[in-house]
Amino acid sequence: MILVTGATGTIGREVARLLAGRTSLRVLARDPGRVSVPDPAVRVVRGSYDDPSSLERALRGVRSAFLVTNDPRRDHDTAFVEAAAAAGVRQLVKLSAAAVADPAAHDLITTWQRGNEHLLEDSGLAWTMLRPRAFMSNTLSWAAGIRATGQVRALYGSSVNPCVDPRDVAEVAVRVLTEDGHTGRRYTLTGPAPLSAVEQTAELAKVLGRPLRFAELDPGQARERLLARYPADVVEALLHSAGRQRDGDKSRVEPTVEELLGRPARTFATWASDHAAAFA
């Protein structure tokens, strides 16, 4: 039995979709109505990291679990790891972040993820860490502006990041969950090339067949926009991360996706073509 958490999010949803019908699968979700998997045999357990009894129900009989957490101000990883150990789970696959390996990254989010990794390493359970760079799907936040004005506004438009297709991350997760030989490994997952926001805008323009303009935000404008969506401490973490990208700290391409999947990592052009309807 495999348990997937985060199945209403970008990666967990795809992991659950890929596993459905291939193996005995269970999903933990706060809102089961938002979970969609193409297999009626998949059991969706209502629960949360804050509810120990729901974790106990979800983890009963589970061999491996895919762990996704997203709130750096809550100790959800500890709650899940303790419940998994008590339930006899043998393997945890953790969605972490590439920045964990960068000693210069000391923002709130990276420090939290680094602590989560240490927690798993000390848990006594078999573990594998997945450390993706930025998701290509992050550009979906530009969709409203593209539709309304044909304009993309972002911070540090010329800074580059080898962003990764979430589908590649999910396929790696499925491989790790269903194969032996990945215990104790830390996999940094990137796309095939470093790209800037200006270059991504140009790729989207090609796919959409219409001109798009890029307008760079200054840090103050970016902070104001982010504060409308996130708490102040998270905003500062995101701005710190953007500054490291500006300084070139996130430009390295890793071959891990191709090594694990036996094919090249998907390009941003492919991702954009497959998701063109979201911007049209």
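The values are calculated or read from the model by the stated rules, or taken from the named source; none is laboratory data. The structure presented is a predicted model; accordingly, all values stated were derived computationally and were not measured. Because the Cβ atoms are built from the backbone with ideal geometry, glycine has one as well, and the counts that use them run over all protein chains shown.
Can Ala277 be described as more than 19 Å from Tyr156 (Cα to Cα) and exposed (fewer than 14 other Cβ atoms within 10 Å of the Cβ)? Against the criterion (more than 19 Å from Tyr156 (Cα to Cα) and exposed (fewer than 14 other Cβ atoms within 10 Å of the Cβ)), Ala277 qualifies.
If you go through segment 29-44 and keep only what is modelled with pLDDT of 90 or more and in a loop (DSSP other than H, G, I, E, B), you end up with Arg30, Asp31, Val35, Val42. Scanning segment 102-146 for residues that are free of Cβ contacts under 8 Å to residues at least 60 places away in the same chain and touching a Phe, Trp or Tyr at 6+ places or on another chain (Cβ under 8 Å) yields Leu120, Glu121, Thr128, Met129, Leu130, Arg131. Considering the conditions (1) over 27 Å from Glu121 (Cβ atoms); (2) surrounded by 20 or more Cβ atoms within 10 Å (Cβ to Cβ); (3) in contact with a strand residue (DSSP E or B) (Cβ under 9 Å, 6 or more places away or on another chain), Ala215 is excluded by exactly one of them, (2). The set of residues in segment 136-174 being assigned to a strand (DSSP E or B) and either modelled with pLDDT under 95 or in contact with a helix residue (DSSP H, G or I) (Cβ under 7 Å, 6 or more places away or on another chain) (or both) consists of Gln151, Val152, Arg153, Ala154, Leu155, Asn161, Val164. Assess whether Arg210 counts as being surrounded by fewer than 19 Cβ atoms within 10 Å (Cβ to Cβ), over 19 Å from Ala105 (Cα atoms), of a type in the set (Lys, Arg) and modelled with pLDDT of 95 or more. Considered against the rule, which asks whether it is surrounded by fewer than 19 Cβ atoms within 10 Å (Cβ to Cβ), over 19 Å from Ala105 (Cα atoms), of a type in the set (Lys, Arg) and modelled with pLDDT of 95 or more, Arg210 comes out as yes.
Only one entry of Arg229, Arg244, Arg263, Arg252 meets the criterion of being among the basic types (Lys, Arg) and either modelled with pLDDT under 95 or within 17 Å of the chain's Cα centre (by Cα) (or both), and that entry is Arg229.
Looking across segment 231-280 at every residue that is β-branched (Val, Ile, Thr) and in contact with a helix residue (DSSP H, G or I) (Cβ under 7 Å, 6 or more places away or on another chain), the one that is nearest to Glu199 (Cα to Cα) is identified as Val257. Across segment 9-42, the qualifying residues are those that are farther than 18 Å from Phe80 by Cβ and basic (Lys, Arg), and the one among them that is surrounded by the most Cβ atoms within 10 Å (Cβ to Cβ) is Arg13. Counting only helices (runs of 4 or more DSSP H) that sit completely within segment 231-280, those holding 2 or more residues that are among the acidic types (Asp, Glu) and at negative phi correspond to 232-246, 256-261. Among the residues making up segment 163-197, a single one is surrounded by fewer than 20 Cβ atoms within 10 Å (Cβ to Cβ) and among the aliphatic types (A, V, I, L, M): Ala193.
If you go through segment 227-280 and pick out every residue that is more than 24 Å from Ile109 (Cα to Cα), basic (Lys, Arg) and free of Cβ contacts under 8 Å to residues at least 12 places away in the same chain, you end up with 1.
Give me the pairs, please: first residue somewhere in segment 207-222 and within 28 Å of Ser273 (Cβ to Cβ) and of a type outside the set (Val, Ile, Thr), second residue anywhere and at pLDDT below 95 and exposed (fewer than 13 other Cβ atoms within 10 Å of the Cβ), beta-carbon distance under 7 Å, and either six or more positions apart or on two chains. As it stands, the answer is Leu208/Ala280, since those pairs meet every condition given.
Table: residues versus (1) buried (at least 19 other Cβ atoms within 10 Å of the Cβ); (2) within 22 Å of Gln200 (Cβ to Cβ).
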position: Lys94; (1), (2): yes, no
position: Ala101; (1), (2): no, no
position: Gly115; (1), (2): no, no
position: His118; (1), (2): no, no
position: Trp127; (1), (2): yes, no
position: Leu130; (1), (2): yes, no
position: Met136; (1), (2): yes, yes
position: Gly145; (1), (2): no, yes
position: Ala148; (1), (2): no, yes
